[in-house]
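Since the structure comes first, as structure tokens, the remarks are kept for the end.
The values are calculated or read from the model by the stated rules, or taken from the named source; none is laboratory data. Just so it is clear, the model here is predicted, and its values are computed rather than measured. Positions of Cβ are backbone-derived with ideal geometry, glycine not excepted, and every protein chain shown enters the neighbour counts. Heads up: the accessible areas ignore ligands, DNA and RNA and are worked out on the full protein's heavy atoms, side chains in. Shrake-Rupley method; radii C 1.70, N 1.55, O 1.52, S 1.80 Å.
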Amino acid sequence: MPAIKDLITQKWPDIQIDKPLGSGACGTVFACTKKSATTGIESKEAVKVVRVVFSEAAHRQAEEEGISFDEYYDRVKAERSREIELLVNLKSPHIVHINEFDAVEEPDRSAFYLLIRMDLLQALDTFRAQHLADAPEQASAYAKKVALDICDALRVCHENGICHRDIKPANILYGATGDFYLGDFGVSQYTASPDATLTSVGTSRYAPPEQLIGQADPRSDLYSLGLVLYELTNHWRA
């Protein structure tokens, strides 16, 4: 397994990794600086790396489907790439913008890595401490701005058949312009197909009861957003 940092700098030599921002089930995110080779202008970005591993179970799955492992591997890689392309095409000013992405393979095809370059933003929960003492009017105005921005993002998602399924403060991001953005679609589900199956239940603290048993639709996202807004207007108490 190559070092994740090496994957990024080999793919994009104009990017310098500043620090890791976090790691979880859906990947590892780094804060980076991109420097233009022609102008020398620097800009801040985030790069997310998702490792997709093919275990023995993947080989068994290919056998059960009556296809070669290479066919199965190529299909999974194509599906994951299409998921990202779908997000790239979501047109909302309040969805985290993906600047570029690519897939890098292990030589033995035991895994591949999705490298995703995005705008660098800060998660809503990093501002928790400075808003604990907000007056009711301040908390209400703050929550209203979050609601308007994220509802716009969800409108676009739902119109395109996408259920996010993991609305929580860590996935609501804040930019220098004062706007909020919906990010981290790592467990999102394309709901346009009636045969779609859920692969993750999201975060139990914010998930509606039906989502915990594998049943979610766009209303589930609104439920989760409602819990976030309740926290914002209640000094972050659930």
- Quick one: in the range 23-33, which of the residues that are touching a residue at least 24 places away in the same chain (Cβ under 8 Å) and more than 12 Å from the chain's Cα centre (by Cα) is surrounded by the fewest Cβ atoms within 10 Å (Cβ to Cβ)? 31
- Test set (1) assigned to a loop (DSSP other than H, G, I, E, B); (2) in contact with a Ser or Thr (Cβ under 6 Å, 6 or more places away or on another chain) - residue 67 fails condition number: (2)
- Selection status of residue 114, in contact (Cβ under 8 Å) with a residue 60 or more places away in the chain, assigned to a strand (DSSP E or B), out of contact with any Ser or Thr (no Cβ under 7 Å at 6 or more places or on another chain) and open to solvent by less than 80 Å² (accessible area, probe 1.4 Å): yes
- Message: Quick test for you: out of 106, 100, pick the one residue that is more than 23 Å from residue 216 (Cβ to Cβ), at pLDDT 90 or above, under 15 Å from the mean Cα position of the chain (by Cα) and acidic (Asp, Glu).
- Response: 100
- Query: (1) at pLDDT 90 or above; (2) under 26 Å from residue 185 (Cα atoms): which one isn't true of residue 139, the others all being true?
  - Reply: (2)
- Which condition does residue 47 not pass, out of (1) in contact with a Cys (Cβ under 9 Å, 6 or more places away or on another chain); (2) hydrophobic (A, V, I, L, M, F, W, C); (3) not in a strand (DSSP E or B), if it passes all the others? (3)
- Item | Check on residue 102, of a type outside the set (Phe, Trp, Tyr) and assigned to a loop (DSSP other than H, G, I, E, B) | no
